[in-house]
1. Can you tell me which residues in region A:228-252 are touching a Phe, Trp or Tyr at 6+ places or on another chain (Cβ under 8 Å), at pLDDT 90 or above and not polar (S, T, N, Q)?
2. How many residues does region B:78-98 hold that are under 17 Å from B:Thr185 (Cβ atoms) and touching a residue at least 24 places away in the same chain (Cβ under 8 Å)?
3. Counting only residues that are within 9 Å of chain B (Cβ to nearest Cβ) and closer than 30 Å to A:Glu242 by Cα, give me the helices (runs of 4 or more DSSP H) lying completely in region A:14-115 with at least 2 of them.
4. Out of the residues in region B:397-415 that are surrounded by 19 or more Cβ atoms within 10 Å (Cβ to Cβ) and in contact with a helix residue (DSSP H, G or I) (Cβ under 7 Å, 6 or more places away or on another chain), which is farthest from A:Ala115 (Cα to Cα)?
5. Considering only region B:353-388, state which residues are facing chain A (nearest Cβ under 7 Å), out of contact with any strand residue (DSSP E or B) (no Cβ under 7 Å at 6 or more places or on another chain) and part of a loop (DSSP other than H, G, I, E, B).
6. Just to be sure I understand, how many residues within region B:10-44 are of a type in the set (D, E, K, R) and under 24 Å from B:Gly88 (Cβ atoms)?
7. Might you let me know whether region A:119-135 holds any residue that is surrounded by fewer than 20 Cβ atoms within 10 Å (Cβ to Cβ), within 20 Å of the chain's Cα centre (by Cα) and more than 12 Å from chain B (Cβ to nearest Cβ)?
8. Just checking: which of the helices (runs of 4 or more DSSP H) contained wholly in region A:144-252 hold 2 or more residues that are surrounded by fewer than 17 Cβ atoms within 10 Å (Cβ to Cβ) and under 17 Å from the mean Cα position of the chain (by Cα)?
Amino acid sequence: MTALLQIKDLYAGVAENKKEIIKGLNLTINAGEVHAIMGPNGAGKSTLSYLLAGKSDYEITSGKIDFDGKDLSELTTSERANAGIFLSMQYPVAIPGVSVSSFLKHAVNAKRKYAGLPELDAAEFLKVLRTAAKELGVSAEMLKREINVGFSGGEKKRLEILQMRLLEPKLAILDEADSGLDIDALRIVAEGVNRLHNKDNALLIITHHLDLLNLIEPDFVHIYADGHIVRSGDKSLAEALEKDGYKSFLEA
Amino acid sequence: MSIEFEKIPLWGEDIPWLSGLREKGAQIFNNIGWPNAKTEAWKYSYFPRADIDNLMLGDYSHKCEHDCHCHEKTLTPFAAYGIKFCDGRLTSEHFDLPQGVEAKSLVEAIYDGEIKKYLNKSFEMENFPFAAMNTALLEQGLVLIIERGTIIDRPIFICYHQHNNNRQLSSIRNIIVLENRAQATIVEYFEGEADALYFNNVVNEIYLQNDATLCHYIYANEARRARHIALNSVNVRANASYKSFIAQGECALSRHESHILLQQEGATAVVNGAYRLAQNGVSDITTDICHLAAHTISNQLVRGVADGKSKGVFQGRIHIAPDAQQTEGYQQHRALLLSDEAEIDAKPELEIFADDVKCAHGNTCGDLDAEQLFYMQARGISKDDARRILIEAHINEALNTIADTNVQNWLKENF
């Protein structure tokens, strides 16, 4: 079985000033797995997620990322999304003037077009959207609002989950999905993610906290510092980290 | 070089007061001279005098080959009362309008003489050279009086059409009066066939009496080589409300100037707009809102897009007179500047002589937001589509302020 995501000896950083942030990263994720990456602030966790999603501010200096049999560096940002990478951002951006439903229609149809499927018309799309929204407890009123404009932290994350549900990614990256959420909102996110996770897709969870990992059970936990993984293990690693902090792992 | 207005044949030369008024307009225009780079109000959007040399002035014989009368019922894109100007000329003197609306051609209103109390009474010609020129060429236009308490159920849709074979300066003067408590929506739609070359010089004098409300929507969708200059001169009395939206498409020059006097307590004005330029056109939205009485409110929201080698101009002055206490004036202009060769000129001016006022203005100009573009691409939307959607959204922020849903949807589909 080929891996869904395979990162090999990756060195990468900020395109503008050539600052290297990721230094010798190796990571393999197979379909069906849940991986968690934990690490101190400034270790380059977000750089990794942006790099996977294809943000133009970041570039690879050496090494390789393969996703679902393709060299990721050959795909544009939108092609990566359509190929099955979904990045749920720490701070989803507000887009005044664009309604949630019209944005989602564009996104769903872009993916269908990429897959060689006919685009959905307004009526077909609304049917799909309503079903998904109902499942996740997203109100009809929210679908009419402008994307993330005036949304609470919880509403923003709920919208991210709805997008994930509609786009059915092969690899969902949750970048600090827990930031700014109270425990109820966190539970909603976790329930949504757990519902979507199956043997054909994988999750990469970037977090500081054990709370989220108690709600979304990881198969693997990686401790990430100074641009690479310093230790890998199962969930007990996260528990040890919560107890002792990063210091003991960094010194080791 | 001055223009020899007296040689242009116009209707009603035997009416002394009319001839006198035209002469005064000609004199003032020729005294001011053609606006140039040194004319403060025109420094961003002046154009060469020579550009109108090949146009016919004042020949309003009807050259349209089809029967324009028949358009009136079919020309509106949504349920509305249609009125049409063809190549600068009002096509009919019979209007299909509801009770409580008195409509006449300007010629007929001049003949009756009653229009004198409104004609050229809302602005000083010295400040508006092209309105002075318009006065020198007074003939074509429409007079609409909405009688006391009348509420019109559908918009009045005025279409100004210019044909390909027409090369002309079209001078149009409309007088719109809403008497006490009257309410109306007026849409002005300007269109020109692809190769048409013309100059529309339009002046609307609008009088809103106590408690009247006018929604005034303008869409200038002129031919690429056309020039369009319009002055909306509006007097707003006690508790009356003027709400306008100006949508400017791309042509050689489209300039809309709003000169609004909030004359009495409780008068309000909303002067919103949008412009969208992709190639080499020039768009100018200039407003001068004068708060002359206490408890008056004005609001302005304008969104623009300039790409290619185009130029967008926004000049907004809010004047608050010493007696105009407890007034509010808000102004916001945001433009997308999408190419290195495009230009945006913005000149906000606040003149506040009262001390108990709330005023704010904001002006921004820049490229599309990189974070928004990334977010959309990260959801599978191509970069080109993401740009298109964001530009659309930027314009929609302005269009969403249009209260009439038919007009709003029409502009969203066509602007």
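The values are calculated or read from the model by the stated rules, or taken from the named source; none is laboratory data. Since the structure is predicted, the reported quantities are computational estimates derived from the model, not experimental observations. As a convention, Cβ positions derive from the backbone with ideal geometry for all residues, glycine included, and neighbour counts pool all protein chains shown.
1. Restricting attention to region A:228-252, the residues satisfying the condition of being touching a Phe, Trp or Tyr at 6+ places or on another chain (Cβ under 8 Å) are A:230-234, A:241.
From what is left, the residues that are at pLDDT 90 or above are A:230-234.
Within region A:228-252, A:Val230, A:Arg231, A:Gly233, A:Asp234 meet the criteria.
2. Residues of region B:78-98 that are under 17 Å from B:Thr185 (Cβ atoms), as a first pass: B:78-83, B:95-98.
Next, from what is left, pick out any that are touching a residue at least 24 places away in the same chain (Cβ under 8 Å): B:78-83, B:96-98.
Residues meeting the conditions: 9.
3. Numbers: elements: A:45-53, A:77-83, A:100-114.
In region A:14-115, the matching helices (runs of 4 or more DSSP H) lie at A:45-53.
4. Restricting to residues being surrounded by 19 or more Cβ atoms within 10 Å (Cβ to Cβ) and in contact with a helix residue (DSSP H, G or I) (Cβ under 7 Å, 6 or more places away or on another chain), the top hit is B:Ile402.
5. Selection gives B:Arg379, B:Gly380, B:Ile381, B:Ser382.
6. Taking region B:10-44 first, the residues of a type in the set (D, E, K, R) are B:13-14, B:22-24, B:38, B:40, B:43.
If we keep only those that are under 24 Å from B:Gly88 (Cβ atoms) too, we end up with B:13-14, B:22-24.
So the answer is 5.
7. yes
8. On the way: elements: A:153-167, A:183-196, A:210-215, A:235-244, A:247-251.
In region A:144-252, A:153-167, A:183-196 are the helices (runs of 4 or more DSSP H) which contain 2 or more residues that are surrounded by fewer than 17 Cβ atoms within 10 Å (Cβ to Cβ) and under 17 Å from the mean Cα position of the chain (by Cα).
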